[in-house]
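Worksheet: one structure, shown below.
The values are calculated or read from the model by the stated rules, or taken from the named source; none is laboratory data. Note that the structure is a prediction, hence the values are computed from the model and not measured. Here the Cβ positions follow ideal geometry from the backbone for every residue, glycine too, while neighbour counts run over all protein chains shown. Note: accessible area is taken over every heavy atom of the protein model, side chains too, but ligands, DNA and RNA are not part of it. Shrake-Rupley method; radii C 1.70, N 1.55, O 1.52, S 1.80 Å.
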Amino acid sequence: WSSDVCSSDLPHLRAVETSEILSIGRGVEVIQNDALREIEHGQWVGKTFTEIRALPDYIPYYQDPHRLMGMDGESLEHVRTRASTFIESLRQEKQTGRYALVSHADWVKCALLHYLKLPLTQLAQFRIDNASISYLHLDDHFE
């Protein structure tokens, strides 16, 4: 397997650890990049899922991709743009190749929705488990 391993750059988290495990014995270096970071959760940081689901801005957030998460965090639209811009930069840098991109659930969902040409309002329809694999194949004919 000759490919690059790119990881979210937040230290001491699962993405970095997973990317390091993927690189063992493959002779590849892990490239950390802040473009692969999870969505900024704003005021929702530190709250449980039960607490977040009870907040009045929880449902509207998923209905409006331009709304900021936690009212002061990041929008789904911004994450989609960040993810697709990063992926497209890899495509421009190296015309062929495989990449292992190790990121976080909402980042992966936003990237997949972008390339599947689905609206961000479909985010909740996707389930991305820890350590799961999502395979995305892009060729020259993708627009």
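So what does residue 34 come to for accessible area, using a 1.4 Å probe and Å² rounded to 10?
Estimated to the nearest 10 Å², residue 34 gives 90 Å².
Can you tell me the accessible area per residue over the chain, all protein chains present, probe 1.4 angstrom, in square angstrom?
On the way: 9150 Å² over 143 residues.
Averaged over the residues of the chain, the accessible area is 64 Å².
Mind ranking 104, 114 by accessible surface for me, highest first, 1.4 Å probe?
114, 104
How large is the accessible surface of residue 29 in square angstrom, using a 1.4 angstrom probe and rounding to the nearest 10?
Surface accessible to solvent at residue 29 totals approximately 140 Å².
Given a 1.4 Å probe and every protein chain left where it sits, what share in percent of the accessible area of the chain is carbon and sulfur?
Summing carbon and sulfur atoms, their accessible area is 52 percent of the total for the chain.
Which value, in Å² rounded to 10, gives the accessible area of residue 107 with a 1.4 Å probe and all protein chains present?
Answer for residue 107: close to 10 Å² accessible.
Please tell me the relative contact order of the chain in percent, rounded to the nearest whole number, where contacts are Cα pairs under 8 Å and at least six residues apart.
RCO, the chain: 26 percent.
If R₀ is 25 angstrom, what is the calculated FRET efficiency for the pair residue 66 and residue 92, using the beta carbon separation as r and rounding to 0.05?
In this case the efficiency is close to 0.40.
About the Cα centre of segment 1-50, what is the dipole size in debye to 20, counting +1 per Lys and Arg Cβ and -1 per Asp and Glu Cβ, all else neutral? Please list the in-between numbers first.
Numbers: 4 positive and 8 negative charges, 40 e Å.
Here the size comes out at about 200 debye.
Whole angstrom only: what separates the Cα centroid of segment 1-67 from the Cα centroid of segment 95-116?
Each part's Cα centre sits 12 Å from the other's.
Simple spin-label model, 7 Å along Cα-to-Cβ: residue 115 to residue 31 in nm?
It is 1.6 nm.
At most 12 other Cβ atoms within 10 Å and a DSSP loop assignment: could you name the trypsin sites (Lys or Arg not before Pro) in segment 14-113 that fit?
Taking segment 14-113 and a limit of 12 other Cβ atoms within 10 Å, the loop trypsin sites (Lys or Arg not before Pro) found are 26, 94.
Mind checking the full-extension length gain between residue 126 and residue 50? Use 0.36 nm per residue of separation minus the Cα-Cα distance, one decimal, nm.
25.4 nm
Going by amide H atoms built from the backbone, whose H comes under 5 Å of the H on residue 32, apart from near neighbours?
Placed amide hydrogens put 7 under 5 Å from residue 32.
In the set (1) 155; (2) 135; (3) 114, which value of volume of the Cα convex hull per residue in Å³ was calculated from the structure you see?
Matching entry in (1) 155; (2) 135; (3) 114: (3).
Add -39500 (n - 2.57) for each DSSP H run of 4 or more in the chain, then divide by its residues: what number comes out at 222 nm, to the nearest 500 deg cm²/dmol?
-10500 deg cm²/dmol
In degrees, nearest 10, range 0 to 90: what is the angle between the Cα axis of helix 105-115 and the longest Cα principal axis of the chain?
On a 0 to 90 degree scale, this one is about 70.
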